[in-house]
Every structure is written in C-alpha cells, then in structure tokens.
Amino acid sequence: MKSRKQTGFTLVEIAIVLVVIGLLLGGILKGQQLINSARVRNLADQNSGVQAAYYGFIDRFRNLPGDMLRTTACTAVGQGIDAAACATPANAPGGTGASGGNGRIDTIAEAGAVWPHLSAAGFLNGTFSGQDAANADLTTANYVTAVALGAVPPNAFQGPIMLAHMNDYVQGNSGATIVRLSYSFGGLIPVTILRDLDAKLDDGNAGTGVLRSAIEAADPNISGIFDGAVAWGSDGTAANDCIDQAAANSTWQVDSPNQSCNAVFLY
C-alpha cells in the first residue's frame, strides 16, 4: 500500500511570500507618508499665501481686509464685491459699528469679510461672500459651516480658515492672555499633521513659538471656532485631546485618536 505524499510550501516559497508582503506594507506606509507630507505642505503654503495677500492688501488700500468699512470696500475694492450687496453698502461685507476701521479684525463679521475683500482685490484665488445664505454677517455659529456656503476658503480637510485678532491659542507657561493677529488653519485636522506642520514651520512645541495649538478662549467675538485642547469631535476625555497641557509648554498628543484639531499661526 502506497503512502500519501504530504505537500506544502517550501521555505523558499514562504520567504518569497513574506518579502512580497513586506514590500506591499512598505509601499502603503510610504504612500501614506507622502500623502501626509503633501497635506502639511498644503497647509503651510495656504498660510503663506494668505499672509502675502494680507500685506499686499494693506500696501494697496491702507486698510485691513475685513476691517475696511463696508462703504469704503464697495468703492475702493470695486466690482469684485457682490454688486447686489454694494447696491446697499450697509449690507456689504466689511467693518461696521464701533469696531469698523479700528485697525483690528476683531469680530466674526469682519473675519468673514476678509475673504471677499482679498479675493475681490485680486490677492486671493476664488470668490467668497463672507456672509451667510441670507447675505447677513457671519456669526460664531455659522462660520464653522461657511465653507459649504462658499463664504470662506477651506483648508485641505474642508475646515474654515480664518484671519483675525484673537487670543484663542495656547499661551505657554506664561498664562498671559495676549490678543494677536493670528491665522487659524481651520480645524478638522489630525493631530499628527499639526505636529509635523509645527516642526516644519516652527519649534514643534504646541505652546511656544509662532505656531500654537488653538483652544477655546473667553473672547466673546472670536471664541468657539478655534477648538484645540477641547477640539471638534472630542468627548471631553483627556486622552482624546489634541495637546497635553499638563506638559511643559504643552505638547502635541500624537497618540490621540482626535482627527479634528486646530492650530493658529501668529503674525
């Protein structure tokens, strides 16, 4: 009676399979790294573009975008501002009331008006209304959904970027509340991307330098949009926070599963 011959993989075949699996995993990881690098570069370039547009606007018009009075914007910036809005200049995007023309972008309405001013003047690509669906000034509540309205530009993760005078950022060990002209990267960003962005543009520390983690602050006008330590999507658990504020000067919590973090760049 013949015995049945057992068959199976040889050591060479197993080795080949392991090599192929290793190559596939390496390719996937490398591809993800390239994607993340591209996103970091996109966020950095967008900030640089807005910064150049901001100073270019000031140089040409001797006014701050957003803070420029509505009537002045309709006259000086021209037809790029929505014609229907400028038919009644009081309804156009721009500075108004006591804060209009005061040399600060210090209300949500003015922060929204930054984008139609810059784009209408030709300093920024795209067309943005800076207002809600009813052509009214943006508020804290609807600024976070303003991208879908075409009111403000989005970041690479579809978060609404913002340029304003605010104090909604980690102050480091000083604890001082200092209002600075700051660029918000827009939120909805994984913490690892922000850590890499901080390393690229600054010192890699969430609480020092020109790039800081965003937080909710007490500013009645500009708060609630720049969630960082208490971020969009956080359930209030410390392990889900974007930063560890207990650490010296705060550190990016790269092990956090939070995908909705934010940071500001101080001009």
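The numbers here are math on the coordinates, done by the rules we state, and not lab data. Just so it is clear, the structure is predicted and the values come from calculations on it, not from any experiment. Virtual Cβ from ideal backbone geometry, glycine too; neighbours counted across all protein chains shown.
The order of Y267, Y55, going from fewest to most other C-beta atoms within 10 Å of their C-beta, is Y55, Y267.
Cβ-Cβ distance of N42 and A90, R₀ of 30 Å, FRET efficiency by 1/(1 + (r/R0)^6): the value works out to about 0.20. Computed on region 37-161, with alpha-carbon pairs under 8 angstrom and 6+ residues apart, the relative contact order is 23 percent.
Between V19 and Q51, the distance separating the two model label sites (each 7 Å from Cα on the Cα→Cβ line) works out to 4.8 nm.
Here the peptides 177-183, 63-69 are ranked by packing, the mean other Cβ count within 10 Å, and the order with the highest first is 63-69, 177-183.
Spread over its residues, the convex hull of the C-alpha atoms of region 123-186 is 110 Å³ per residue. The order of the peptides 16-23, 130-137 by mean Cβ neighbours within 10 Å, most packed first, is 130-137, 16-23.
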